[in-house]
Amino acid sequence: DANKPQKITPEGITTAGSIESQVQNKLFILNEILDSRNDNDPRLDTDLRTLSNSAKFLFKKKYQQLAPEKLNEKGTIVFLLGRNIQEKSDMKFMGEVLAESPCYSLADCKDRSQITKGDAHAESGSEVTLSYPQIVALKALDSYLSRERPVLAPLAFQNILAATHSQNPLIRSQAKSLLSKYRF
């Protein structure tokens, strides 16, 4: 592998092939965790603690491939990406999550047949579960803004401000609360 490009990392010199292997390994671990539905898997805080841009790209792609009803899995991915916010593309992803249409049923997000009157989320009895990815995105933005000198703060505020207009009443409320926390 003498012809492969090399990259200097804190651990030393690695080849581009081994970096790709590390990224694929992170995706494999993510898939194992999602399949097991184990939110307490210790690998979330060890192997998936920090993500390279390549890993983040694959995780975002995985998120987009999941069915809308896979709320726990989607929330787990948002959690992992949310603690690795470093670039504009990361903020763009959080904004996309917050802009998603509300989910009305765990069986079929678009099914409003169970709703007879009033607020769809409040009447479903599982408003937090149905809003899980968006709640995690707001928590990630809150955590990001609590960092010392967050460079992307204007984009974080823009995402939160947009969420105050969400079709989801719970997300609207939480976003407004977050804005008032930062006196924006």
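The values are calculated or read from the model by the stated rules, or taken from the named source; none is laboratory data. In this text, all values refer to a predicted model and were calculated from it rather than measured experimentally. Neighbour counts are summed over all protein chains in view; Cβ atoms, including those assigned to glycine, are modelled from backbone coordinates with ideal geometry. Heads up: the accessible areas ignore ligands, DNA and RNA and are worked out on the full protein's heavy atoms, side chains in. Shrake-Rupley method; radii C 1.70, N 1.55, O 1.52, S 1.80 Å.
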| field | Selection within region 27-52 - under 16 Å from ARG83 (Cβ atoms) and open to solvent by less than 80 Å² (accessible area, probe 1.4 Å) | value | ILE29, LEU30, ILE33, ASP39, ASP41, ARG43, LEU44, ASP47, LEU48, LEU51, SER52
| remark: Every listed condition ((1) modelled with pLDDT under 65; (2) touching a Lys or Arg at 6+ places or on another chain (Cβ under 7 Å); (3) of a type in the set (A, V, I, L, M)) holds for LEU48 save (1)
| Checking ALA175 against (1) touching a Ser or Thr at 6+ places or on another chain (Cβ under 8 Å); (2) modelled with pLDDT of 95 or more; (3) within 29 Å of PRO42 (Cβ to Cβ), which single condition isn't satisfied? | (3)
| In region 125-172, how many are closer than 22 Å to TYR104 by Cβ, surrounded by 13 or more Cβ atoms within 10 Å (Cβ to Cβ) and not hydrophobic (A, V, I, L, M, F, W, C)? | 12
| field | Check on SER131, among the hydroxyl-bearing types (Ser, Thr, Tyr) and at pLDDT below 95 | value | no
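Can you tell me which residues in region 64-89 are in a helix (DSSP H, G or I), open to solvent by less than 70 Å² (accessible area, probe 1.4 Å) and in contact (Cβ under 8 Å) with a residue 40 or more places away in the chain? Write out each step before concluding.
Of region 64-89, the ones in a helix (DSSP H, G or I) are 64-65, 71-82, 88-89.
Remaining after also requiring open to solvent by less than 70 Å² (accessible area, probe 1.4 Å): 71-78, 80-82, 89.
Within region 64-89, LEU71, ASN72, LYS74, GLY75, THR76, ILE77, VAL78, LEU80, LEU81, GLY82 qualify.
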| query | Any chance region 91-114 includes a residue that's free of Cβ contacts under 8 Å to residues at least 60 places away in the same chain, open to solvent by 60 Å² or more (accessible area, probe 1.4 Å), in contact with an Asp or Glu (Cβ under 9 Å, 6 or more places away or on another chain) and polar (S, T, N, Q)? | reply | yes
